[in-house]
Amino acid sequence: MTQKELSRYETIKRLIKGEINGTEAAKQINLSVRQVRRLKFRVRKVGVKGIIHGSRGKSGNRRMSKEKIEKIEIIIKKKYADFGPTFAAEKLRECHQIKIGKETLRQLMIDWGFWQVKSRKKNKEYRKWRQRKEYYGQMIQFDGSYHHWFETRAPECCLLGAIDDATGRITKLKFVHDEGVMPVFAF
């Protein structure tokens, strides 16, 4: 039994003894009152085993047979050893009429050594917030924003804007048709 299940069993025992009520037990083990009632009934009926999930130790209902897994391994080895899991799953379905999920096939290919797990990239250095410039005009930030600025009275246009970094004040705004080279240079 896990620690969580032991804790649940202790709470259910206290519930059966009458030390706490069902609502209090539900709060303690973070389940609904209905689930606590169900656990209480099972503990009274079969004892400690009533806390443990009924399907523990059993194989899943959707588990593939060993024969099918071996057949897939042979096909992958012969024809698709250099394929990625997604493409290999598509080829198995298309050419061999074998339905298998790409993630299931990925796990199998990792076990067989045809696919290697790729680790996620980590940030090399921490980027901290840049200090604002000290003086007005030292740096101007510029961008364009496309929007229906005039609702239905005019077509969509681009608002070019410039903001001073030191003060955060808008230095210039201008409506143009697009954020092309000529409008930006004219800005």
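Each value in this text was obtained by applying a stated rule to the coordinates, not by laboratory testing. Everything numeric here is computed off the predicted structure, so don't read it as measured data. So basically every Cβ, Gly included, is an ideal-geometry build from the backbone, and we count neighbours across all protein chains shown.
At 0.36 nm per residue, and after removing the present C-alpha to C-alpha distance, how many nm does the segment from R153 to T23 gain when stretched out fully?
40.7 nm
Quote the FRET efficiency, to the nearest 0.05, computed for K66 versus Q3 with a Förster distance R0 of 35 Å and r equal to the Cβ-Cβ distance. Could the numbers behind the result be given before it?
Values: r = 34 Å, r/R0 = 0.97.
My answer for the efficiency is 0.55.
Measure off 7 Å from each Cα along the Cα-to-Cβ vector at D143 and E10, then give the distance between these two points in nanometres to one decimal.
5.4
Tell me the Rg and the Dmax, in Å, that the Cα atoms of segment 140-186 produce.
Considering segment 140-186 through its Cα atoms, Rg and Dmax are 11.6, 36 Å.
If the cut-off is 18 Å between C-alpha atoms, which aspartates and glutamates fall inside it for K128, apart from same-chain ones fewer than 8 positions away?
Candidates past the 8-residue exclusion: D165.
Output wanted: per-residue J couplings in Hz (rounded whole) for segment 143-153, from phi through Karplus 6.51 cos²θ - 1.76 cosθ + 1.60, θ = phi - 60°, x for Gly and Pro.
7, x, 9, 7, 6, 7, 5, 10, 6, 8, 6
At q = 0.31 Å⁻¹, what is the base-10 log of I(q)/I(0) for segment 52-97 according to the Debye formula with one equal point scatterer per Cα and no solvent? Please give it to two decimals.
Results for segment 52-97 at q = 0.31 Å⁻¹ read -1.17.
Could you please state, rounded to a whole Å, how far the C-alpha centre of segment 140-187 is from the C-alpha centre of segment 45-100?
Centre-to-centre distance over Cα atoms comes out at 56 Å.
Over segment 115-154, with a single point scatterer placed on each C-alpha, what log10 of the ratio I(q)/I(0) does the Debye formula yield at q = 0.19, 0.24, 0.30 1/Å?
After summing over all Cα pairs, the log10 values are -0.83, -0.95, -1.07.
Beyond a 31 Å Cα-Cα separation, which of these cross-linked pairs lie in this structure: K4/K102; K66/K118; K68/K121? Kindly include the intermediate steps, with their values, before the conclusion.
Numbers: K4/K102 33 Å; K66/K118 27 Å; K68/K121 35 Å.
Exceeds cut-off: K4/K102; K68/K121.
Can you give the FRET efficiency to the nearest 0.05 for R38 and K58, using r as the Cβ-Cβ distance and R₀ = 30 Å? Mind dumping the intermediate values first?
Numbers: r = 20 Å, r/R0 = 0.66.
The calculated FRET efficiency here is 0.90.
Loop-only trypsin sites (Lys or Arg not before Pro) in segment 74-176, please: DSSP not H, G, I, E or B, and at most 11 other Cβ atoms within 10 Å. Walk me through the numbers before you get to the answer.
On the way: sites: K77, K78, K79, K91, R93, K99, K102, R106, K118, R120, K121, K122, K124, R127, K128, R130, R132, K133, R153, R169, K172, K174; in loops: K99, K118, R120, K121, K122, K124, R127, K128, R130, R132, K133, R153, R169.
When the trypsin sites (Lys or Arg not before Pro) of segment 74-176 are filtered for loop state and at most 11 Cβ neighbours within 10 Å, K99, K118, R120, K121, K122, K124, R127, K128, R130, R153, R169 remain.
Normalized C-alpha radius of gyration of the chain, against 2.2 N^0.38 Å?
On the way: Rg = 32.2 Å, N = 187, 2.2 N^0.38 = 16.1 Å.
The reported ratio for this selection is 2.00.
Using a simple spin-label model with points 7 Å from Cα along the Cα→Cβ vector, what separation in nm is obtained for K121 and K79?
3.5
Specify which residue in the list I140, Q116, L173 is farthest towards the positive end of the charge dipole of segment 105-187, using unit charges on the beta carbon of Lys, Arg (+1) and Asp, Glu (-1), about the Cα centre.
Q116
Over segment 3-50, with a single point scatterer placed on each C-alpha, what log10 of the ratio I(q)/I(0) does the Debye formula yield at q = 0.13, 0.18, 0.28 1/Å?
Scattering profile of segment 3-50, log10 relative to I(0): -0.22, -0.43, -1.09.
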